[in-house]
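Written out below as structure tokens is the structure these notes cover.
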Amino acid sequence: MKLIILNVLFLFFLSTTVYSQDAQQIIQDVQSAYNDMKDATATFSKSFKSSKGKTSNTSGTFYIQKENKYRIETNGQTVVTDGKTSWSYSSQKKQVIIDKYVDSPNTFSPNKFLFDYPTEMYSDLEGNENVNGIECYKLKLTPRKKGNIKSALIWVDSQEKLIRKISITSSDGTTTYTLKSINLDPGIASSRFTFTAPNGTEVIDLR
């Protein structure tokens with residue numbers, strides 16, 4: 001009986017170690033896929049469930065360029081930064097808020113989504129799952145340090161090693177992004193990462 005228990009425990013720890021190694025290899029493959037990239041664009045859908053149970057959904061397109069340059073366009077809102085200045089424009093309010101860009105641990109950006117989160121957290125492989133017809137590895141991420149982000153899940157394309165989905169749980173709730181139509185190195189003009197407000201827009205400059 002003792003021998004059987006020891007064998008079971010051995011197999012359990014062995015499988016845990018293998019899964020951990022597999023997770024690290026997947027993360028390395030993801031980073032290799034993005035490291036040589038200069039810019040990228042993708043369409044996405046976003047869902048948010050607050051800690052109080054309220055839900056919201058939206059979709060749009062994002063553009064990114066190294067380092068810390070991005071543009072997120074959704075229905076009624078555009079968020080842009082060139083790494084120094086940020087613009088948040090609401091077409092419904094006809095208002096744009098301009099501020100200095102601050103790269104803090106609580107600042108979300110597509111760049112962190114692709115480059116930082118997978119490497120800044122412990123990763124464990126949970127298995128395989130289909131995302132929009134694409135077979136993906138599902139990994140659980142746990143922050144190395146305490147902060148606003150409690151945990152995350154990412155789904156990595158098993159063939160192209162691209163992140164297809166990420167779900168981030170924070171003290172505010174859970175936000176899930178699903179990526180579609182990913183295009184690496186399309187050659188995005190630098191003007192895409194600045195913003196000029198349309199005529200008649202209220203400008204609030206906080207710089």
*Ratio of segment 38-192's C-alpha Rg to 2.2 N^0.38 Å, to two decimals?*
1.05
*Given the Cα-Cα distance of SER190 and ASN57 and 0.36 nm per residue of separation, how much length would full extension add, in nm?*
45.0 nm
*By counting other Cβ atoms within 10 Å of each Cβ, how are ASP82, ASP36 ranked from fewest to most?*
ASP36, ASP82
*Taking segment 58-207 and dividing mean pair separation by its residue count, relative contact order in percent (alpha carbons under 8 Å, at least six apart)*: 20 percent
_At most 14 other Cβ within 10 Å, DSSP loop - trypsin sites (Lys or Arg not before Pro), segment 122-194_ = ARG144, LYS145, LYS146
*Which length gain, in nm to one decimal place, applies between ILE97 and ASN148 when the Cα-Cα distance is subtracted from 0.36 nm times their residue separation?*
15.9 nm
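Values in this text are rule-based calculations from the coordinates and carry no lab data. Just so it is clear, the structure is predicted and the values come from calculations on it, not from any experiment. When we count neighbours, we look across all protein chains shown, and the Cβ atoms used for this are built from the backbone with ideal geometry, even at glycine.
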